[in-house]
1. Within the range 126-144, can you find the residues that are part of a loop (DSSP other than H, G, I, E, B) and either under 22 Å from residue 172 (Cβ atoms) or open to solvent by less than 50 Å² (accessible area, probe 1.4 Å) (or both)?
2. What is the one condition in (1) open to solvent by 90 Å² or more (accessible area, probe 1.4 Å); (2) modelled with pLDDT under 95; (3) not polar (S, T, N, Q) that residue 171 does not satisfy?
3. Tell me yes or no: at least one residue of the range 97-108 is farther than 17 Å from residue 150 by Cα, open to solvent by 40 Å² or more (accessible area, probe 1.4 Å) and without any contact (Cβ under 8 Å) to a residue 12 or more places away in the chain.
4. Out of the range 21-52, which residues are modelled with pLDDT under 95 and touching a Leu at 6+ places or on another chain (Cβ under 7 Å)?
Amino acid sequence: GKAYRHLAELRRPTAHYPNDMWQSAENLLAGHDYESAIAAFEEFLTTNPQTRRAQALVSLGKALMAAERFDEALERFKECRQTAPKDPATFEADYLRGVSYVEMGKTDLAEQVFRENLEGEFLTPSAVEWRLSLFALGKLYHQTGQYDAAIEKLTEAVQRYPAEESSDEARYLIAEAYRKSAVTPKENIEDALNDAVRDHYREEIGRAHV
């Protein structure tokens, strides 16, 4: 990445400069030098590229996420959506917006993004971003204690993509969701004030073990 940056400086007055900066930025990102990658992608974008602009915005957003600059990352992902709505990179930007919201603790916004990816008209289950959004939504439901919803989404994910590496974690989370959805009502039985409430929680436990 640094070598390409040096080459870019040497060839700044030529038509090679944008591509040199692109190569520098990509290599810096791959080498986890995030702050240098951010600077290189931003410099690349100043060349007003006719191609790769959408991908550059996504890659810049990734570098910003890695540097924990999530607000700035979101701005880049939104810019990608606004300026290149039909570019394939935009769908990755949409997924990464959801991931950024999860990292920021904005789970409602994250859920909205993942659901839009799954329910919108542009992506199908064969798309990488659709698959990633399904697993991410299931994990988000588990994280926020929505165990029935987590079981539903994660089960669907495992059934659709059984060979995916993420399916192993999903199977574990499904089992945990069943366990926790049974434990919570058990704990509440002890605090129940009347027989009707106790019966309600016993029914929940029974459904959880079906």
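The values are calculated or read from the model by the stated rules, or taken from the named source; none is laboratory data. All values reported here derive from a predicted model rather than from experimental measurement. All Cβ positions, even for glycine, are placed from backbone atoms using ideal geometry, and neighbour counts span all protein chains on display. The accessibility values were calculated without ligands, DNA or RNA, using every heavy atom of the protein model including side chains. Shrake-Rupley method; radii C 1.70, N 1.55, O 1.52, S 1.80 Å.
1. If the condition is that a residue be part of a loop (DSSP other than H, G, I, E, B) and either under 22 Å from residue 172 (Cβ atoms) or open to solvent by less than 50 Å² (accessible area, probe 1.4 Å) (or both), then 127, 144 are the ones that fit.
2. Only one criterion in (1) open to solvent by 90 Å² or more (accessible area, probe 1.4 Å); (2) modelled with pLDDT under 95; (3) not polar (S, T, N, Q) is unmet by residue 171, namely (2).
3. Yes, because at least one residue in the range 97-108 is farther than 17 Å from residue 150 by Cα, open to solvent by 40 Å² or more (accessible area, probe 1.4 Å) and without any contact (Cβ under 8 Å) to a residue 12 or more places away in the chain.
4. none
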